[in-house]
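Student: First the structure, which I've put down as structure tokens, then a few questions once you've had a look.
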Amino acid sequence: MQLTHIQKITSQIELLSGLHIGSGNTEIHIGGTDNPVIKNPITQQPYIPGSSIKGKMRSLLEWHLGVVDITDGNPLNFRHLGELQGNRQAKAKDLIRLFGGAPDSKNDQTIVNEIGPSRLAFWDCSLDPEWIAQMKDKYIPLTETKMENSIDRIAGVALNPRNTERVPATARFDFNLTIRVHDHENLIETVLQGLKLLELTGLGGSGSRGYGKIKFQALKLDGQDIQSQLDQLKLQEAA
């Protein structure tokens, strides 16, 4: 197995609705929000962690392939391949090629050698500097606070008020992804499927309440425009 190329995918992620990816900060400060977004500790600007995109994309692709029942909700791994056949097994191998797996002593070493190391590297997505400048020119903050509550169905009154910090709609993040190509393989179709699934389901928390709707813009592969491939992609069921 030989590393023959490293492909680079670039794009901008545009928010079509407010995005919340939590910081994990459980402290509530006076005048602060109950649920802040993750921010760069130096610039205090919100960003999208590469790990968040990777985890959501991998999960969606495994659901699309129909292997979550086989894995009992755990990430697809080498030990699950023996339970799959035909095209589904081939696509499962591609997922492990892209996202990686954790082989153990029980795995067939031939399969481990065939699949090799993980191919994808996801990078943290920073806010587009041009969008930041536009917000500063208009004296608009880079985040918003969304007020929410639950409703008492009988009394018809609001209960348990809470506030959540979000990055507002229209925000743009710079997206970068690299793919290690071995022996001239082509895994772009699976990557595009993952990006399409992210567009259809969103990023971050509270998606069922309208958060995290995104759109990939100006998608390029090694500098070549492939936006139309993503826009025209139709998700097909694995046989």
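The values are calculated or read from the model by the stated rules, or taken from the named source; none is laboratory data. Because the structure is a prediction, the values reported are computed rather than measured. Neighbour counts are summed over all protein chains in view; Cβ atoms, including those assigned to glycine, are modelled from backbone coordinates with ideal geometry.
Student: Can you pull out every residue in region 120-166 that is more than 28 Å from the chain's Cα centre (by Cα) and of a type in the set (Ser, Thr, Tyr)?
Tutor: Tyr139, Ser150
Student: Any idea how many residues of region 155-172 are modelled with pLDDT of 80 or more and either surrounded by fewer than 10 Cβ atoms within 10 Å (Cβ to Cβ) or assigned to a loop (DSSP other than H, G, I, E, B) (or both)?
Tutor: 4
Student: Please go through region 203-231 and pick out each residue that is of a type outside the set (A, V, I, L, M, F, W, C), under 25 Å from Val37 (Cβ atoms) and touching a residue at least 40 places away in the same chain (Cβ under 8 Å).
Tutor: Once the filter is applied, which keeps residues that are of a type outside the set (A, V, I, L, M, F, W, C), under 25 Å from Val37 (Cβ atoms) and touching a residue at least 40 places away in the same chain (Cβ under 8 Å), region 203-231 yields Gly204, Gly205, Ser206, Arg209, Gly210, Tyr211, Gly212, Lys213, Lys215, Gln217.
Student: What are the pairs, 6+ residues apart or on separate chains, where a residue within region 112-125 that is within 27 Å of Ile13 (Cβ to Cβ) has its Cβ under 7 Å from a residue that is of a type in the set (Asp, Glu) and surrounded by 14 or more Cβ atoms within 10 Å (Cβ to Cβ)?
Tutor: Note: pairs meeting the criteria are Cys125/Asp174.
Student: State whether one or more residues within region 93-105 are closer than 30 Å to Leu19 by Cβ, among the charged types (D, E, K, R) and at pLDDT 90 or above.
Tutor: For region 93-105, residues closer than 30 Å to Leu19 by Cβ, among the charged types (D, E, K, R) and at pLDDT 90 or above: present.
Student: Return the pairs, sorted by first residue and then second, in which the second residue is part of a loop (DSSP other than H, G, I, E, B) and modelled with pLDDT under 80, the first residue lies in region 138-164 and is over 13 Å from Val37 (Cα atoms) and of a type outside the set (D, E, K, R), the beta carbons are less than 8 Å apart, and the residues are 6+ apart or on different chains.
Tutor: Sorted first by the residue in region 138-164, then by its partner, the pairs are Ile151/Val157; Ala158/Asp152; Leu159/Asp152.
Student: Let me ask you something else. Return the residues of region 50-73 that are within 21 Å of the chain's Cα centre (by Cα), assigned to a helix (DSSP H, G or I) and of a type in the set (Val, Ile, Thr); say none if nothing qualifies.
Tutor: Selection gives Ile53, Val68, Thr71.
Student: Scan region 129-140 residue by residue and report those that are touching a helix residue (DSSP H, G or I) at 6+ places or on another chain (Cβ under 9 Å) and surrounded by 14 or more Cβ atoms within 10 Å (Cβ to Cβ). It would help to see each step written out before you state the result.
Tutor: The first filter runs over region 129-140 and keeps only residues touching a helix residue (DSSP H, G or I) at 6+ places or on another chain (Cβ under 9 Å), leaving 140.
Selection gives nothing.
Student: Follow-up question, since we're still on this one. Exactly one condition in (1) modelled with pLDDT of 90 or more; (2) at negative phi; (3) assigned to a loop (DSSP other than H, G, I, E, B) is not met by Gln44; state its number.
Tutor: Every condition holds for Gln44 apart from (2).
Student: Sticking with this one: Please work out if Leu142 is aliphatic (A, V, I, L, M), modelled with pLDDT of 90 or more and assigned to a strand (DSSP E or B).
Tutor: No.
Student: So is Ile179 assigned to a helix (DSSP H, G or I), at pLDDT 95 or above and among the hydrophobic types (A, V, I, L, M, F, W, C) or not? Show your work before the answer.
Tutor: Values: assigned to a helix (DSSP H, G or I): no; at pLDDT 95 or above: yes; among the hydrophobic types (A, V, I, L, M, F, W, C): yes.
Considered against the rule, which asks whether it is assigned to a helix (DSSP H, G or I), at pLDDT 95 or above and among the hydrophobic types (A, V, I, L, M, F, W, C), Ile179 comes out as no.
Student: With in a helix (DSSP H, G or I), aliphatic (A, V, I, L, M) and surrounded by 13 or more Cβ atoms within 10 Å (Cβ to Cβ) as the only criterion, which of Leu98, Leu76 stands out?
Tutor: Leu98
Student: Specify which of the listed residues (Leu192, Leu235, Leu200) is of a type in the set (A, V, I, L, M) and closer than 15 Å to Leu15 by Cα.
Tutor: Just a single option satisfies the conditions, and that option is Leu200.
Student: Out of the residues in region 182-209 meeting the condition of being aliphatic (A, V, I, L, M) and in a loop (DSSP other than H, G, I, E, B), tell me which one is farthest from the chain's Cα centre (by Cα).
Tutor: Step one: filter region 182-209 for residues aliphatic (A, V, I, L, M), giving 187-188, 191-192, 195, 197-198, 200, 203.
Narrowing the set further to residues that are in a loop (DSSP other than H, G, I, E, B) leaves 187, 203.
Working: Leu187: 17, Leu203: 6 Å.
Residue satisfying both the conditions and the ranking: Leu187.
For every residue, the table says whether it meets (1) crowded, with 17+ Cβ neighbours inside 10 Å; (2) on the phi > 0 side of the Ramachandran plot; (3) not hydrophobic (A, V, I, L, M, F, W, C).
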site	(1), (2), (3)
Glu148	no, no, yes
His184	no, yes, yes
Glu189	no, no, yes
Leu203	yes, no, no
Arg209	no, no, yes
Gly212	yes, yes, yes
Leu219	yes, no, no
Asp225	no, no, yes
Gln236	no, no, yes
